[in-house]
Every structure is written in C-alpha cells, then in structure tokens.
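This report concerns only the one structure given below.
The values are calculated or read from the model by the stated rules, or taken from the named source; none is laboratory data. Worth saying up front: this structure is predicted, and the values here are computed from it rather than measured. With ideal geometry, Cβ positions are generated from the backbone for all residues, glycine too; neighbour counts draw on all protein chains shown. Remember, those area values only see protein heavy atoms, side chains included, never the ligands or the DNA or RNA. Shrake-Rupley method; radii C 1.70, N 1.55, O 1.52, S 1.80 Å.
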Amino acid sequence: MTTTENPTNAPAPEIGRDRRRKEDRRLITGRTRWTDNQAITGLLHLSIVRSPFAHAEIQGIDTSAAKQVPGVVGVYTAADIGADAVQLPCAWPITKDMKAPQRPALAGSRVNFAGEGVAVVVARSAAIAKDAAELVEVDYAELEPVLDMEDALKDGATLVHPEIGTNANAQWVFDSGEAGSGGSVAEALSAAEKDDDQVVIHRRFRQQRLVPVFMEPRSTVVDPTGEQLVMWSSTQVPHILKTMLALTLGLPENKLRVIAPDVGGGFGGKIAVAPEEVVTLLVARKLGKPVKWTETRSESLLTAHHGRDQIQDLTIAVTKDGIIKGLDVKLLADMGAYLGLVGPGVPILGAFMFNAIYKIPAYRFDCTNVFTTKTLTDAYRGAGRPEATFGIERMMDEVAVELGIEPMELRRKNWIKHEEFPYTTVSTLTYDTGNYEAATDQALQMFDYDGLRREQQERRQRGDVKQLGIGISTFTEMCGLAPSRVLGSLDYGAGGWETASIRMLPTGKAEVVVGVSPHGQGHETAFSQIVADKLGIAFEDVEILHGDTQSSYRGLDTYGSRSLAVGGIAMVKAAEKVIEKAKPIAAHMLEASEDDLEFTGGKFTVKGTDKGVGIADVALAVFAAHDYPEGIEPDIDAHATFDPENFSFPHGTHLCAVEVDTETGFVHLHKYVCVDDVGTVINPLIVEGQVHGGLAQGIAQALFEEAPYDESGTLLSGTLVDYTLPSAADLISFDTANTATPSTTNPLGVKGVGEAGTIASTPAVVNAVLDAVRQYGVKDIDMPTTPFRVWTAINSAKGTAGRGDEADVASPGAGLGSTASDISKGDTQGGHL
Amino acid sequence: MIPASFDYVRPTSVDEAVQALVEGGDDAKLLAGGQSFIPVLRLRMGDPSLVVDLGGIPELRGVREEGDQIVVGAMTTHHEVTRDDLLAQHVALIQEATKTVADPQVRHRGTLGGALAHADPAGDLAAPTLALDAELVVVGQNGERRVPAAEFFEDYFTTAIGPGEILTAIRFPKYTGWGARYEKFNRVAQAWSIVAVAATVKVEGGSITDARIGLTNMAGTPVRARGVETALVGQTMSEETVRAAAQAAAEGTSPTSDADAGSDYREHLARVLTGRAVLAAAG
Ligand SMILES: Cc1cc2nc3c(=O)[nH]c(=O)nc-3n(C[C@H](O)[C@H](O)[C@H](O)COP(=O)(O)OP(=O)(O)OC[C@H]3O[C@@H](n4cnc5c(N)ncnc54)[C@H](O)[C@@H]3O)c2cc1C
C-alpha cells in the first residue's frame, strides 16, 4: 500500500483542453484495420449484379455463363439464397397505418430503383467476381418510373408497389391547436387575412436530394465459425445491426457478433441494415465460408441511401411590424423506393424544428412521405433538422423582405429571450437553456455586420460586377437522441439510452467500453478527457473500446449528436460508480472511516490529514485481493446506463457574406462567421473541427451538391466527377466562436455539436445569394445555387423588370432589396395552396 | 472498381513502344499518367487486351529548347510543366493553363501528351496548344510526322494520332515577353472547365500588337477565337476596347448544353471570360 504525501498535486483538468485527437495517427496513416482490410484465410468475394432500370419486371436471369468463369464459387439469384423473402427492417413506423412495402435483400420479381441488386456472384477474388457479374444475363421488362412526388400522389399514377395500393407511405400531422400547445393555424391564417395589420406569406422551397459521401465506402465481412457468425461492417450502428439481423433473419442473437472496426465516416449514411450486409451473411451461411463485400464509389453513390429531398410549402401569418402569428408547414418527403431503417421518421424530426427559436402562437405540420422509383432516403447529417431550419430561416428572410424589416431585427422580435428559459415551444419541446442575444451580438461584431451592409450599399450604388449579399441563420436543433419515453411516444422501435462500462486494470489504467460507435468524430479523445478528469487518472491511461458487440454488448450507437450528450453522461455515471465501489476499499486500506474520506484528483484522502490512496492503488489492491473488507466483492469495475430526460438544444448565429459575380453567376464565399452555443466544451479543437466539417457539408448543399435523376430514373451523379463535392480550395477560412449556456439536463452541461454546422449553414448561404441578387427582381433560386442557375435567375428577372416593381435598395430592409410593394394578402408565389 | 484483365508491357524506347502497339493491334492501348485512362478501365468503359505503359521511356520526358521552339516531351507531367523555367519564360500560357488542371495529386501523374491525346473537349490543355500554334510530333512505324495543332484535334476524344502511332512531343513556338492568362470557369476547384479561355497577347507601347486566343469546351474540339484576335490587334489597350473585341468570342462555336450550362450561357461565358482573360494577360 502506498500513501501519498501530496494529495493536492492534482493534474490540470482535461475537460476544456484542446487535446489533439489520439486516434488520428492511426486513422490518417492507415495503420489500422478497416473492414476491407480483414484478411481471413479462405475469404471469398462478392460482386452484386444491379439493375440498370428504375422500375422493371425481372423476367429471367441466366447465370450459366457467369458460373463457368474459373474461380467462381457460386452465382445466386434472390431465390437461391432466400434474399427475396427477407423483409429488411424499418424501425420507425411513424403512424399506425403506415404503408411499408416488403424490402428484400435482393429483388425477386421486380426492381424498384436503378441500382437495386438482383443477383450475387461469389468468387475467389474480387476481380473474378466482377468479371463474372458482367456475364449474368438479366431479362427485364421495363415499367414506368415514378419520379415526381406530386405526380406520384395523383389518381391513376403508376404505383411503385402496386401491392400497397398507393405511393403514399404515411401522413403525419402535428397541430398545436389539437395538441393544446398553441392555437389553431387555420384560425390564425384566416384572422390574418381579415386584418389590415397582418399579412400572409406563402413560399415553396425545394430540398434537393443529397448523397452522404463518406470517405470509406461500405464494406462487410461475414465469418461463420460453427454456429457463430461474426460480421465486420463499416457501420455506424453495430448494436442496432446485430439486434435487427437477429430479428429479421430469425438468427439467435447470442450466436451473432457484430464488429464495427475503425469506420471512415458515415454522416448518417451508415445507419442502416443494408441489403448487402444481409446478402453477405446469407451467402456466408450458405457456403459456411468467410465472405466479403466491398462497394465501389459508384455503387456507393447509386445505392447507399440518399438524404433530404423534400418539397416544402410554408405559410406564415405575421403582423406588419413583424410578429409571427402562425406557421403552417406542408411537406412532401421522398422516401425513394423503400423504407430505410429510420427513413420515414427523418422528416418527422423536422416537425419539432420548423418553429425553431421563435415564439409562434399557432403551428401546424403536415408531412406526406412518398414512394418513388429512386434510391431510398434516410438519415443524413442533421436528418430532418437541416430541412426544417432551411425552411424557417429562408422564410424569415422572405418575411423581412416583404415587410421591409431588417432581417436580424425581425428575428429578434420573435425569438425566445434569454430570461424566458426554460421555454416550452409550440411543438411541445422544452428548451432548457440558451441565449440567442449573446451568440448573435458576438457574431454581428465578429462579422462587422454594419460595415458589410455599408459595403453592400456602396457596391450597389457603383453597380459593381461583384455584388455583395448577406445571409443570416439563427438556428437551434434538438439533439442528443433521445429520451426513451419521447421515442416511445413517436412510435420509434427502440429507446434512446446509452451505456458505458469502466474496467479498472491492475496497473491503474482504465478501459472504458462504450455503446456509442465512433466513425471519425474523435470520441476516443474526448471520452478519455472526461474519464481522466472523473477518475483523476492520466489522459493517456484511458482506453476507449467501442464497436464490438462482444465487449460492448449494450449500446445504441452514434447518430443525432448523441455520443457525448448521452454516451458521455453514461461514462460520468460509470466513473461515479467506480469511485463509489472503491471507497470502502480505500477506507479499509487507510484504516479510516468511509465518512472521513474525500475523493479529489484521483485520490481518496482522509479529511484533514495528508493520508491518502490513489484509485490506481485501489485497483491493484482488488486485483491482488489479499486484504479487503468483509462483505464486498473485490472489484471496482462499473457499468452505467443513462437515459436522458430531455434532448439538448444547441443553437447559434451564422452569418454569411457572398460575392455574386453578376456577369457569370458564380458565387464566391466572402466571409463566414458562426457563434455556436454547444454548452460545455470538452475539447475546443474537436468542437471547431466538427463545426468546420459541418459547415462544409451545409454550404455544399447550398452551392454544390445534388443527386438528380433523368426522366428514365437514372441517377445522373453516379461518380464524383458529377457529384460535385467541394474541397478546401472551394471554401474559405471560417470564423468560429462559442458562447456557452450549459445544458441543465445533464451533469456535464454539454449539448451536441456534430450536426450544428450542417443544420445552420445552408440557409445562411442561400439567403446571402438571394440578398445579392434580389435587387434585380430575383425571388428564389433552387439549390444548389450553381452559376448557371444564378445567371439564369438574374437574366430572366432582368428581362421581366421595369413593371413598376423594381427593387427598392434603400429601404429599411437595410440592403435586403425590400420588395415591400409586393406585399399582398395571401400572396401565393409559387402556387400550391 | 476493378478493371478487366489485360496484358501489360513497359518498353524503354519509343521504337519498342511502337512495335508493341502495332503487334497488339486494335485492342492495344497506351498508358501515360493514367489519370483519364485508368478511370476508363475501372469503370469498364474500355477493356484493352494489351496496355503499353509509356512510363519507362526517358526520352519522352522533359522540356528543352530547340532553336526558336520549346519542345515538351509527351510524358512530361503537369506538375513538371508548371515548374519549368523555359516554359515560364517562353510559353507562359501552357503553364497558366496547366496550373488549373485538377489537383496536385492528378498533376503529379497526368501528362501533357496524355491530356492532348485524350482530347476531352472540357480538358484544359488543348485550347492553349491550339492558340499557341504548337506542332505535335507523332511517331509510328514509318517514322515521325509533325501535325499542326489546328489539324490535330478532330472531334470529341479524337485526334490525328493514327493506329500504331505515339505522340512523342509538343513543339511550341516562343512567345517570349507575351502576357498570358488562362481564365477557367468551373464549379469546384478540381473539376474540368465549363468554359475556359486561353489568351496570350503582346502589348507594345500601350497597344496590342498580337493576340492568340483559344476556347475550351465551346465545341467538340478547341476553338480559335480568330474574330477576337483580329479585333484586338492594333487597338490601344483599354478595358473598353478589349470588351468590345471579346463580343466576337462565341462566333463559330457550337457549345453543348448540359446540367452545368446551356449553350447560350456557354456563349455568354465565352465573351465575358475572353474579356477578362485578355485584360489579365495584358495586365
Ligand atoms: C480527378 C481528376 C480531375 C481532372 N481534372 C482535369 C481538369 O481540370 N482539366 C484537365 O484538363 N484535365 C483534368 N483531368 C485529366 C488529367 O489532366 C489527365 O491527366 C489527362 O487528361 C490525361 O493524361 P494522362 O497522362 O493521365 O493520360 P492517360 O490517362 O494515361 O491517357 C489518356 C489517353 O491518351 C492516350 N495516350 C496517352 N499518352 C499518349 C501518347 N503519348 N500518345 C498517344 N496516345 C496517348 C491513352 O491511350 C489514353 O487513351 C482530371 C483527371 C482527374 C483524375
């Protein structure tokens, strides 16, 4: 037993320290094992034969030529391995009467999107499998594709799945009048129509389809050893995958082990029970041999799920001095051909977020999910919340323009004031903390908002080729998914708790087994900081173990900015239990009463003395177990499960200035400032990294990315030449900062940060682009706002100018180019009401 | 993605390479930097039976001065072109254009000869080569021939290089003292041009005394903007004269329409970018 002389010599706190990420060396140098690196003796390789057609009957498949290729072990159609009988799971039946078509692992008799698998080749090498796959002859009889959501809902429309009798998956409605959380929107709108002091404004916005382009393409290896099946997969959700595979395929859950080794990104795109994972498993089980499937980049773009894709109709009632009276939201959300794991619920997450940071007295949200013959959609960074934030923040700028009110002023008039927290919103969430004024004031100052507005005026007066536009997005989001009871009330198929176990090793090091599943976020670093602080041991002495259901048997994985706000708290609770368990043993070692002990800086000390033992000493003592108190077990390891009582609500103010080259339509980012309140910051470097990456993806939606289909249902962005991802060269240096109102619903005071940048940035950029060109009469530009679209918008608006509705560039809209003369009752620009 | 299988040879001289190519017949293909060819193989848009790798032939690489010409070996990489002093001094335009190609990784592998032989209408190096009146040296079984750039680019992805022939070098006349600018318009940094303008001009005593202008992606082949060249020569340098001359930029072009640009937009861009390119070149 060691007694320590200097109990106050505690290490500097880890929380708040900008530690470099400990996992990066191996991730960046590749000195790790990704799924595709698994080398197992006798490993066989798969290649999946995919439909080139969006919608077709399969009339026959001839595998004979493929089977002749030397090195081919088998060529299977869906029926050969039972893949057509599988029903891939959808864990979120959003309504009782939701229509869920069967989603097979390989198509049996009909394909419903271009890229759907119809057969699989198994061979001794990936190259042989690919060669043979080209020899599989499939006889297709083409059917009409279903591409347009509105057409799909019309009577007599071609049905994607005739057996369910409709292309509508489900309709989900929230009405604050019915919920009792606010008034009736119908009443608010009709009152506004009759009131000379109010206006009703309608807008239609399009959320284009995006692809979550993770760096590491998906890959799965299944190794059947006796009755045991081990699956390695590049997944965000090893635990959910394991449970779902067991339920879906009727496998004994105890015979299945799922491992997510290091995973190279996901952005929601790897929250899935992918058909390819199931096919790999079915083939491995059939052959009794280890099998691997790894997708190509084009396969990934074509068949891994897509995100976004909504038509949004927003109608807002607002007084002429800018107070919102009611908000009506109608959505059409494209599910693609099938329902993904949480696909139908993604737009529903937006239901809670269209009201955003504003006090809206009456609110209605009505979403219809629609089937089309396209790749299915599911979670993509932000999942439902970027769509909602875009809708409301674009609308706020539209209102500002219509009313001639300075856009930030309009937001101030409507947002929840800092002294009003906690605040229960019209969509029934209770925001615990926040301070929109503080974040906004800091952002305005960093941005030099007034200076840029002046410059904008000057450029307009000079008629510069490059016009300045300024866009605002004051956002909040709900993250830290999620309180289990809330998920239950939304008919989600699981809870939202998270677990952590701490194993104290005899040498004083700690292994922390977590249920969340990192894929690039830097969890190992941030979690090590938390545990190091709580146990008072060195950062380097903490090892975070994750992603293997054999060691981490309970967990709900990583998405929805939950890993810190939920998983991190489980670690805190587990650490507290370790200390609790260590205390009687420490007391025994110090021959003192437990009541006289205090624990600080990793040491138990007897109050008022310099006698103490470290947690490491206790760990060694219980390992030796030579001498410990009667009646307790020689073990200080602990396990904890944390179920959050509430979501967390990060917020922030994002300001973007763009230069629009009015001769070419090119949009140059000029300045981007964001001040985010993510609560307590564990590691500022990681927070900044998450914000930067998030901004890149959100800005990309505004300016660069789109996954369009042609009229036959073929994806036009099937390679990264066509799916224009931005690189660092296309972005600017972002100015980021944080304010902090710690969350009061968890002991660390943390919120989430993983999705914030993506959620907030898109409308800031689009608002800025429009702000630059509204002066020419442009009213809207679809995303991405490509040079061609911007130029076309300027050109066609200029062509229709001169009808007396010229932009007033000197109005109180402070450079917004207020088109106040356009204000009209029930303005239905864009139609559709 | 995995290419179909093929035979592979890596000759060490041009003669050996020609021999291999001829023996390989129709299904033999040359590999230079592989930045266009390997994606074609990987996407299985082509499946040659024999690949002849030009990477082991030292005589194809490097930049040298020969009298009043600068000669660039076909296998000189984009990166080497951007760093070469002779080119900086005498053929700045090709260097300016090469700097805009893709990203550093691609520029370290891709070659000038490969890019010109590939003849992608959206590729950035054909228009400057045309504008500069370069000669392309092509070697086959019957020896060497020199093809003027104006005759080299025949159509989309089609050049005057015949079966069994190899492009060995590009011979540029010297444009010592000329200003140069490659004005590239694309959506993201590593992408091909939607439209681009290669301009090099000689300015003496405030007047434009000579001008060469080539357009990228305004037709299936690069296009020479002769109307603009004529309109510029003899003019006093001013923004006004340049912009007026640039109005002729789209004459004789036949641009395509795609998701990135309609043909009228491409024509408009050609005019705007020509004005900008000439102004910057005259700088
Ligand atoms: C991500 C990416 C971005 C790119 N962006 C751009 C861009 O912005 N602008 C641009 O201009 N290009 C771009 N490229 C193309 C790049 O410039 C290529 O390097 C070039 O087009 C081909 O050169 P290479 O040496 O790689 O030729 P390879 O790919 O090896 O060959 C191309 C073709 O030319 C033939 N060939 C090669 N050498 C010879 C020869 N000596 N004689 C006869 N035939 C020959 C080959 O058989 C093949 O058909 C990009 C490429 C990539 C991968």
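Summary table below
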{"read-out": "Whichever residue in the stretch B:95-118 is hydrophobic (A, V, I, L, M, F, W, C) and either farther than 18 Å from B:Q190 by Cα or away from the ligand (no atom under 12 Å from the Cβ) (or both) and, among such residues, is nearest to the chain's Cα centre (by Cα)", "value": "B:L116"}
{"read-out": "Strands (runs of 3 or more DSSP E) wholly inside the stretch A:107-219 containing at least 1 residues that are within 14 Å of another protein chain (Cβ to nearest Cβ)", "value": "A:117-123, A:198-210"}
{"read-out": "The stretch B:60-70, subset more than 8 Å from the ligand (Cβ to nearest atom) and buried (at least 20 other Cβ atoms within 10 Å of the Cβ), residue nearest to B:T200 (Cα to Cα)", "value": "B:I70"}
{"read-out": "Pairs, first within 14 Å of chain A (Cβ to nearest Cβ) in the stretch B:14-32, second open to solvent by less than 90 Å² (accessible area, probe 1.4 Å) and near the ligand (Cβ under 10 Å from one of its atoms), C-beta under 8 Å, six or more apart", "value": "none"}
{"read-out": "Residue list for the stretch B:74-105, restricted to those being away from chain A (no Cβ under 14 Å), in contact with a helix residue (DSSP H, G or I) (Cβ under 8 Å, 6 or more places away or on another chain) and assigned to a loop (DSSP other than H, G, I, E, B)", "value": "B:A74, B:M75, B:T76, B:D84"}
{"read-out": "Residue check, B:I213 aliphatic (A, V, I, L, M) and touching a Phe, Trp or Tyr at 6+ places or on another chain (Cβ under 9 Å)", "value": "no"}
{"read-out": "Failed item, numbered, when B:R224 is tested on (1) surrounded by fewer than 21 Cβ atoms within 10 Å (Cβ to Cβ); (2) away from every other protein chain (no Cβ under 14 Å); (3) within 14 Å of the ligand (Cβ to nearest atom)", "value": "(3)"}
{"read-out": "Filter result for the condition that a residue is in contact with a Pro (Cβ under 8 Å, 6 or more places away or on another chain), more than 14 Å from every other protein chain (Cβ to nearest Cβ) and either at pLDDT below 95 or part of a strand (DSSP E or B) (or both), over B:V52, B:V71", "value": "B:V52"}
{"read-out": "For B:R243: the one exception among (1) within 12 Å of chain A (Cβ to nearest Cβ); (2) free of Cβ contacts under 8 Å to residues at least 60 places away in the same chain; (3) outside any helix (DSSP H, G or I)", "value": "(3)"}
{"read-out": "Members of the stretch B:88-119 found to be touching a residue at least 60 places away in the same chain (Cβ under 8 Å) and in contact with a strand residue (DSSP E or B) (Cβ under 6 Å, 6 or more places away or on another chain), listed by number", "value": "B:H90, B:V91, B:A92, B:L93, B:E96, B:A97, B:T100, B:T111, B:G113, B:A117, B:A119"}
{"read-out": "Residues (within 14 Å of chain A (Cβ to nearest Cβ) and within 6 Å of the ligand (Cβ to nearest atom)) located in the stretch B:121-135", "value": "B:G123"}
{"read-out": "Strands (runs of 3 or more DSSP E) contained entirely in the stretch A:583-669, each with at least 2 residues that are open to solvent by 30 Å² or more (accessible area, probe 1.4 Å) and either of a type in the set (D, E) or at pLDDT 95 or above (or both)", "value": "A:597-600, A:638-642"}
{"read-out": "Yes/no for B:V139 being within 16 Å of B:L54 (Cβ to Cβ) and either more than 8 Å from the ligand (Cβ to nearest atom) or modelled with pLDDT under 95 (or both)", "value": "yes"}
{"read-out": "The stretch A:26-47, residues that are β-branched (V, I, T) and either closer than 18 Å to A:D548 by Cα or in a loop (DSSP other than H, G, I, E, B) (or both)", "value": "A:T32, A:T35, A:I40, A:T41"}
{"read-out": "Filtered residues of the stretch B:79-88 (kept if open to solvent by less than 10 Å² (accessible area, probe 1.4 Å) and within 14 Å of the ligand (Cβ to nearest atom))", "value": "B:V81"}
{"read-out": "Evaluation of A:A707 against (1) farther than 28 Å from A:D448 by Cβ; (2) more than 14 Å from every other protein chain (Cβ to nearest Cβ) (one fails), failing number", "value": "(2)"}
{"read-out": "A:E645 being farther than 22 Å from A:G382 by Cβ and either touching a residue at least 60 places away in the same chain (Cβ under 8 Å) or in contact with a helix residue (DSSP H, G or I) (Cβ under 8 Å, 6 or more places away or on another chain) (or both)", "value": "yes"}
{"read-out": "B:V188 vs. criteria open to solvent by less than 30 Å² (accessible area, probe 1.4 Å), within 16 Å of the ligand (Cβ to nearest atom), over 18 Å from the mean Cα position of the chain (by Cα) and farther than 30 Å from B:V14 by Cα", "value": "yes"}
{"read-out": "Members of the stretch B:42-53 found to be farther than 18 Å from B:G123 by Cβ and either hydroxyl-bearing (S, T, Y) or within 10 Å of the ligand (Cβ to nearest atom) (or both), listed by number", "value": "B:P48, B:S49, B:V51, B:V52, B:D53"}
{"read-out": "Some residue of the stretch A:720-740 being more than 14 Å from chain B (Cβ to nearest Cβ), part of a loop (DSSP other than H, G, I, E, B) and under 29 Å from A:T372 (Cβ atoms)", "value": "no"}
{"read-out": "Selected residue (only one of A:L327, A:L287, A:L302 is modelled with pLDDT of 95 or more, hydrophobic (A, V, I, L, M, F, W, C) and farther than 30 Å from A:V73 by Cα)", "value": "A:L327"}
{"read-out": "Scan of the stretch B:24-41 for residues that are part of a helix (DSSP H, G or I), surrounded by 15 or more Cβ atoms within 10 Å (Cβ to Cβ) and either more than 20 Å from the chain's Cα centre (by Cα) or away from the ligand (no atom under 11 Å from the Cβ) (or both), ordered by number", "value": "B:G24, B:L41"}
{"read-out": "Residue match in the stretch A:112-120 (condition: touching a residue at least 60 places away in the same chain (Cβ under 8 Å), outside the structural domain of A:Y338 (by TED's automatic domain parsing) and farther than 27 Å from A:D36 by Cβ)", "value": "yes"}
{"read-out": "Positions within the stretch A:204-217 being among the charged types (D, E, K, R) and either in contact with a Cys (Cβ under 9 Å, 6 or more places away or on another chain) or open to solvent by less than 20 Å² (accessible area, probe 1.4 Å) (or both), in sequence order", "value": "A:R209"}
{"read-out": "B:I57 vs. criteria touching a residue at least 40 places away in the same chain (Cβ under 8 Å) and within 11 Å of the ligand (Cβ to nearest atom)", "value": "yes"}
{"read-out": "Selection status of B:V203, away from the ligand (no atom under 13 Å from the Cβ), outside any loop (DSSP other than H, G, I, E, B), within 14 Å of chain A (Cβ to nearest Cβ) and in contact with a helix residue (DSSP H, G or I) (Cβ under 6 Å, 6 or more places away or on another chain)", "value": "no"}
{"read-out": "Breaking point among (1) away from the ligand (no atom under 16 Å from the Cβ); (2) on the phi > 0 side of the Ramachandran plot; (3) crowded, with 22+ Cβ neighbours inside 10 Å, for B:A211", "value": "(2)"}
